[in-house]
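Here is the structure we will look at.
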Amino acid sequence: MTSELDIFVGNTTLIDEDVYRLWLDGYSVTDAVALRVRSGILEQTGATAAVLQSDTMDHYRTFHMLERLLHAPPKLLHQLIFQIPPSRQALLIERYYAFDEAFVREVLGKKLSKGTKKDLDDISTKTGITLKSCRRQFDNFKRVFKVVEEMRGSLVDNIQQHFLLSDRLARDYAAIVFFANNRFETGKKKLQYLSFGDFAFCAELMIQNWTLGAVGEAPTDPDSQMDDMDMDLDKEFLQDLKELKVLVADKDLLDLHKSLVCTALRGKLGVFSEMEANFKNLSRGLVNVATKLTHNKDVRDLFVDLVEKFVEPCRSDHWPLSDVRFFLNQYSASVHSLDGFRHQALWDRYMGTLRGCLLRLYHD
Amino acid sequence: MPGKLKVKIVAGRHLPVMDRASDLTDAFVEVKFGNTTFKTDVYLKSLNPQWNSEWFKFEVDDEDLQDEPLQITVLDHDTYSANDAIGKVYIDIDPLLYSEAATVISGWFPIYDTIHGIRGEINVVVKVDLFNDLNRFRQSSCGVKFFCTTSIPKCYRAVIIHGFVEELVVNEDPEYQWIDRIRTPRASNEARQRLISLMSGELQRKIGLKVLEMRGNAVVGYLQCFDLEGESGLVVRAIGTACTLDKLSSPAAFLPACNSPSKEMKESPLVHPPSHGCRSTHNSPIHTATGSRLTQNFSVSVPTLIYTGTRLLRLQSWGDAGHGQSGCRGRQAGMGSGSAGKEGGPFKALLRQQTQSALEQRGGSPHRFCRRREFPFFTLTAFPPGFLVHVGGVVSARSVKLLDRIHNPAFVGIMGNTRSYKLLDWNSFNSDEPETRDAWWAEIRQEIKSHAKALGCHAVVGYSESTSICEEVCILSASGTAAVLNPRFLQDGTVEGCLEQRLEENLPTRCGFCHIPYDELNMPFPAHLTYCYNCRKQKVPDVLFTTIDLPTDATVIGKGCLIQARLCRLKKKAQAEANATAISNLLPFMEYEVHTQLMNKLKLKGMNALFGLRIQITVGENMLMGLASATGVYLAALPTPGGIQIAGKTPNDGSYEQHISHMQKKINDTIAKNKELYEINPPEISEEIIGSPIPEPRQRSRLLRSQSESSDEVTELDLSHGKKDAFVLEIDDTDAMEDVHSLLTDVPPPSGFYSCNTEIMPGINNWTSEIQMFTSVRVIRLSSLNLTNQALNKNFNDLCENLLKSLYFKLRSMIPCCLCHVNFTVSLPEDELIQVTVTAVAITFDKNQALQTTKTPVEKSLQRASTDNEELLQFPLELCSDSLPSHPFPPAKAVTVEKASPVGDGNFRNRSAPPCANSTVGVVKMTPLSFIPGAKITKYLGIINMFFIRETTSLREEGGVSGFLHAFIAEVFAMVRAHVAALGGNAVVSYIMKQCVFMENPNKNQAQCLINVSGDAVVFVRESDLEVVSSQQPTINCQSSCTEGEVTT
C-alpha cells in the first residue's frame, strides 16, 4: 500500500513555525522528518513517523506554493488563494527574509551577480548552511537590490514598502544593498573580527550622511522631491574631501591641531603618551582615507584602511574604548578652533560619521 | 418579472504576463449573458488594468436570470493573431433575485482558467433591476429562497413545512461528444463548466416552481448532485424540503404571516391549470421503457422503532420558540390573528380540507393536476422543537442500474449550439432519458416510503440520496430515518395553533422521540423492548440508529464519538448484466456486515444510539467498498448496552480456549476504558422493573405481514441480531478473528480531541470561536498481487485510521477541540486506487466549562424557549434570553440588530486585519455546520453552488498529483470565499464538497479534477459585538448605537 496522493487544505492555511524554519534552513523532507523525530514530537503527540512524514510533506508543499508570493510580499497580502491571518503573514515574510549572520558576512560587499552565486557552494561548505538556504538568502539580497536600485527616496522606506519587512530587518537590508552597491571590502582577514552588525551600523551612518539623499536641508524628510539616491555616495562630497588634505599637509596646522588635542586631553587619557606619540600618524591616516575616496578602489577598501590606519595602531597600544571616544571627540572638535581651516562643515560631515564608525569598529 | 442586469468591470490586478517581449499584458474583458456580449476597451501594457467600464446592460427575462450564469472572460489583445484567453469568472446572479438577500455583487473575483488555475483577479460590480410582472404562466421562480442548511435557517421561523421537492435535468456530457476530439481541453472543460452551471440554474428554477405550487417560499436542505454517467450523459438532480419561512427579528417578520395567503392568491393561477408545467412520472416498469436491462433492489431496515401508545406529545411549538427569540410574542400574536381574520381563515380551511392526516394529505392532493406520488420525505436533519414525535429507525434502499446511452443523432447534432440543452426540456424534447432517471428514483423513494410504513411511521426525515457509478453500472441509494411527525407543522403553523399547543404541553418530552412508533405486538422485526429509562411509561428499543442530528432536547450521558464501519469486497471484473448481478448479490452481505460492525463498535464504546448515520457503498471495477459513519451516543432513555461475548467453535482445545478468554478480557477492558473516556456513567437501575421481552409468536406474525407488504423484488434483511442481552461473536474462522481484531485496532483520538459526524458533539456545549474547516484527500495504490478481502479490509482500515491520525496531529494546536461534521467520501477512480476525501471542521471549546455541561432543566427550558435552532442554543444568546425581558419594544430592538450587522461585519474584518497590514482581503469563514460558534447569523445571502474543472498537462512540473490537487482545492476555497465576500458576506455555512473526482495519467504527465461545492453565504456578527449593541440599546436609539459600534472598534 503506497500513498499516491496525500493532501490537507485548510480554509485558513496552517503554518507550522517549526517546519517553516526547517524548510527555510533548506532541509529536505527526509532530513526535516528526521530532525522532527529527534525533537521528541512523536512522544509528545503519540503520532507515528508516517504521520510526521505526511505532515511535513504537506507543509513543504504549502511553503513551496507560498514562495512565489513571498518574492513580492505585497502580493501575499492581496492574494486570495491562501487565507492567512495578518500576524502569520508578517511572520512568513519576516522569516523568509531573515538571513544567517555567517552567510551575510560572506557575501557582504560582494557584487550580487551570477559569479557570486556560483561561489555559494563554497560558502555553504564553509558556513555549514545548506546550499538551498544560501540560495534563498542570496536571491533575497539580489531581489531587494533589484527592486530598490533605481528608486528614489529613503532606502529603508522603499524596502519596507516593497517587502513589508520589520524596521529592524529593513535597515539590515538597506545596509546589505548599500554595501553591495558600493562593493565595500569586508572579507579581508583583518576584517574578520567585525560582525554584520558593525557594518550595518556604519552603513546606516554613511547612508544618513554621505549619500546624495543626505544632502539638502532635511535629508530625513520623505517629502523631499530631490533626486535623493540613498545607494550612492555623494560624489561631490567625496571630491570635496580632498580639501581636508591641508590638515596633515600643512605642518603648522597639524602641530596646532595636535597641541589643541593634547592640551584638552592631558590627564584625562590613560594612554596619553601613546596618543601623543602617535597623533600625527593617526591623523594622517584618517585624513588620507578621506582624500583618497574619489577612487572607487579606495572606497572599496574604506574599512580595510580604517582598521589598518586607526583601529590596529590603537589596539596595539591597548587603548581602552573610552579613551578612543575621548580622543575622537576631541580630535574632531578641535578642528573648529583651527583658524586657518575653512572646511568646518565638510569636516563635520566626514568626521561625524567616521567617528561613529570607528567607535563601532573598535573592539576585539 | 423581466429584469435588467447591469455589469461594470472596474479593474484587474496581478494579471499574468501575456506578452513575453514587454513582460506586460494588453487586457480587455468580454461580458456575456445569454447570447449578448459586451466588451471593454483594451487596457494597454499593464498587469493591473483599470478599465472602469460603463454599465453594460442586459435586458432579459427572469427565466434566463435564473438559469444563466454571468460569464466574464479576460483576454489579452493581440493585433496579429487570435486574442489569448487569460481566464474566466462565472457569477451566479441568483442571490440578487430575492429581496432579502444580496442587493449587489461587488468585489474581486479570481480569474480562473481550467488549465492554468487562478491567474489574477478582476473587480466587478453586478446589479439587477427586476420589474414586477404578474404573468401567470411564468416559468421562473424568482423569489424562492434556497438553503443548503438542513435545519430551519437561523434567522427564520418555519410557518409550514410543506415537504419533499425533487427534480432532475439530463444532458449529454460535452466531454463525450464527437466535437471533443477536435477541440482543446480548455474549450471542452469550459463547455462542461458552463453546461453544468446552466443545468443547475434550470434545476433550481424548476424546484422553485414546485415550491411555489406548494405555496412555499423557500427550500431548506437543498442538495444538488451531479452524476457523471460518462457516455450516457450528465444528470443534475436535486432534492430539498419546501417550507414557508418567516424572517425573524425584523419588522418584516410580520409580513410573511400575511404573505403566504396572499401569495397563494397570487400564485393560484399556477396551481389550477391542470397540466401546466407538470409531467407525469409514474411510468411503466423500468425494464421496458428504459435502457436499463437489469434492476435489482433490496433494502434494509434497522431495528429501532417504536410507538407511543396514546399520547401524542405536543412539544412547545417552534412558532412559539420563534417568538421567544424575537421577543415580540405579543405583537406577533396580534398581527397573526389579524391576518387570519382576513385571509388566514379560508387558507386554513383549504389546507384542512386538503389533508386528513399529514400522510394522506401528501398522497391525495385535492388539486387535480397530475402531481406524481407524493413522498413524505424531509431532507432536514434538525427540527423545531415538537416537530419530531417519534423516531423509528433508519430506512434505506439501494438499486443497481445499468446506464445506457441514448442514441439520438439529432440530439448529438445540435450540441454545438450552446443553448441546445434547452431542447431537452421534457415539454419540447422527446427524450425519455429524464423519465428514466426519474422512474429510478421514484421506485427507490417508493420503497423507502413502504419501509417507513412498516416501521409504523408516516414520514422520513434526514433523507438523502446518492449514487455511485463505475463504467456503465450505477448504484442508486437513498436513506433516511422513519419518523412520526407532529402533523400540525405540516399544515398550519398559525399563531393560534401555537398557543393551543403550548397550553397542552405539560410533559417532560426528552425521551419522546425514542419511544417506538409501531405496535409492539406487531413489530416489523424482532427487537428487545424495554420501558423507557426516562419516563418508564413507553417502550423503547435497545438500540436506535438514525440519520438525523441529535435532537436538542434529548438527554445524553457523557460524550459522543465518531463510529465508522469499513468494508471491502472483491468482485470479479465483468460486463453489463453479469457485473450488475454480481454487485446486486454482494450488496446485501455488505449491508449486513456494515451493520454488524457498527453494532459491535457501538457496544464496544458502551453506547446505545447512532445519529447522523451515513452508509456509502462505492462500486469499482473489481471491488465494492462500504463506509458507514455515524456519531455514537448514550441516550439516557435507552437501556444500557450489553457487553460483547466471544464464543469459540472448538471448545475442547485448551490453548484456543485460553486465547478466547484473553480476547474476551481485552474486549471487556476496552469497553470499560471507553466508558471512562466518554464519561458514560448512567445511573444504576434495577432491571426487573423494566424488562419486558416480546413474546416469540408475535414475531412470526409480523414476518408474514412484512412479506405481504414488500414487493417481490425486495429482500428484507433482518439486522436485529435477535434479542440477546449480550452480543455474542462467534469466532469460527479466521475471518471472524480478523473482525474481532479490527474492532480492537481502532485507536481513540488523542486526549483533548473528540470527533463526530453530526453538527454538534453531544456533551460539549461551550464552543469557543476558533474554527478551521479543511479538506483532506488521500489516494492509495493497492499492490495488485493476490489481493484478498482481508488484505483489502486492512488496507482500507489503515487508510482511514491514518487519515484520522494525521488530522489529529495537524490540528493539535487547537486542543481541546472537536472535529465536527466529519464527512468521509470513498471513491475508486481506478482498478487499484482507493480515494478517500474528508471534509470537516475543527472547533475549539473551553475545557473548564466542559466539565459542567449537564444542563439543569431550567436551562433546558430556557433554551427551548428561544427559537433559534439547537446549535445556537448551545450558546445562550444574550439577544434572546437576557435583553428581551427588560426590553418592552421588541421591534425597535430588531431594527437594532439588523442595523448592527454591517457594523459588526466591519468590526470583524478590522479585527482580523490589524492596521499593520493594509490587506484588502476580508476573512471569510467556511464551515460544514449550519452555525458559527460564538456568532449570530444575521442574514442569508443566497446559496453558493460552484463547479470547477482543472486539468494539467504538466503534472510533474506542478508538484505531482499532490501538488496539483492541493493547489486546486486551495483555489476552489479561494473562489468560494471571493464570491461570498462579493455578496457582502463573511462566511459560508453548511458548506459541502459534493464531488471531488480526480483522474490522473502519470505516463502522459496529465491529470484532471472536477470539484463541486455548495453552501449558504451568510453575514454573521460576533456575539461579543452583539452584546455591545444590545447593552447599549435600551438607552440609545438605533442610530447612535450604530455609530457607537463603529467607535468601539
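Helices from chain A with mean Kyte-Doolittle at least 0.5 and a Cα length along the axis of 18 Å or more, per DSSP H: which? Could you put the intermediate results ahead of the total?
On the way: long enough: A:49-70 (30 Å, -0.15); A:131-149 (26 Å, -0.67); A:167-182 (22 Å, 0.06); A:196-210 (20 Å, 0.63); A:251-265 (21 Å, 0.53); A:272-292 (29 Å, -0.26); A:321-334 (19 Å, 0.04); A:344-361 (24 Å, 0.06).
Both cut-offs are met by A:196-210, A:251-265.
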In sequence order, calculated HN-Hα J values of segment B:103-108 (Karplus, 6.51, -1.76, 1.60; Hz; x Gly/Pro): 10, 8, 10, 8, x, 8
For A:L5, which sequence-distant residues (separation of 5 or more, or a different chain) have an amide H within less than 5 Å of its own amide H, given hydrogens modelled in the peptide plane? B:V779
Could you pull out every one of the lysines with an alpha carbon less than 18 Å from that of B:K572, ignoring same-chain neighbours closer than 8 positions? B:K401
Run down the lysines and flag those whose C-alpha is under 22 Å from the C-alpha of B:K453, throwing out any fewer than 8 positions away in its chain. B:K539
With unit charges on the beta carbon (Lys/Arg positive, Asp/Glu negative), name the residue among A:L165, A:F178, A:G153 whose Cα is farthest towards the positive pole of the charge dipole of segment A:101-183. A:F178
Scalar couplings 3J(HN,Hα) for segment B:615-630 by Karplus 6.51 cos²θ - 1.76 cosθ + 1.60 (θ = phi - 60°), nearest whole Hz, x for Gly and Pro, are 10, 10, 10, 10, 9, x, 4, 10, 7, 10, 10, x, 9, 10, 10, 7
Once you've got the Cα coordinates, tell me which of A:K111/A:K309; A:K118/A:K189; B:K154/B:K247; B:K145/B:K206; B:K673/B:K794 are over 20 Å apart. A:K111/A:K309; A:K118/A:K189; B:K673/B:K794
Sequence-distant residues sharing a close amide H with B:T547 (under 5 Å, placed H): B:T481, B:G612, B:L613
Subset of B:K805/B:K847; A:K132/B:K88; B:K88/B:K810; B:K127/B:K994; A:K142/A:K292; B:K6/B:K45 violating a 31 Å alpha-carbon distance limit: A:K132/B:K88; B:K88/B:K810
Proxy reagent accessibility, fewest Cβ within 10 Å first, across B:C535, B:C568: B:C535, B:C568
Charge sum, other residues only, whose C-beta stays under 9 Å from B:V128's C-beta, Lys/Arg counted +1 and Asp/Glu -1: +2
Label points 7 Å out from Cα along the Cβ direction at A:T45 and B:S1024: separation in nm? 2.7
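What is the mean number of Cβ atoms from other protein chains located within 10 Å of the Cβ atom of each residue in peptide A:45-52, rounded to a whole number?
Rounded to a whole number, the mean comes out at 5.
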In whole Hz, with x marking every Gly and Pro, tabulate ³J(HN,Hα) for segment A:303-312 from phi via Karplus 6.51 cos²θ - 1.76 cosθ + 1.60, θ = phi - 60°. 6, 4, 4, 4, 5, 5, 7, 10, 4, 5
Can you grab the distance from the C-alpha centre of segment B:791-823 to the C-alpha centre of segment A:271-340, Å, no decimals? 69
Grab the other residues whose beta carbon is less than 11 angstrom from that of B:F147, score K and R as +1, D and E as -1, and report the net. +1
Roughly how many whole Å is it from the C-alpha centroid of segment B:591-622 to that of segment A:114-177? 58
For segment A:101-183, would you read off the P(r) tail past 15 Å as a percentage of all alpha carbon pairs? 54
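No value in this document is a laboratory result; all are computed from the given coordinates. Values in this document were obtained by computation on a predicted structure and should not be read as measured data. Here Cβ is always computed from backbone atoms with ideal geometry, including for glycine, and neighbour counts include all displayed protein chains.
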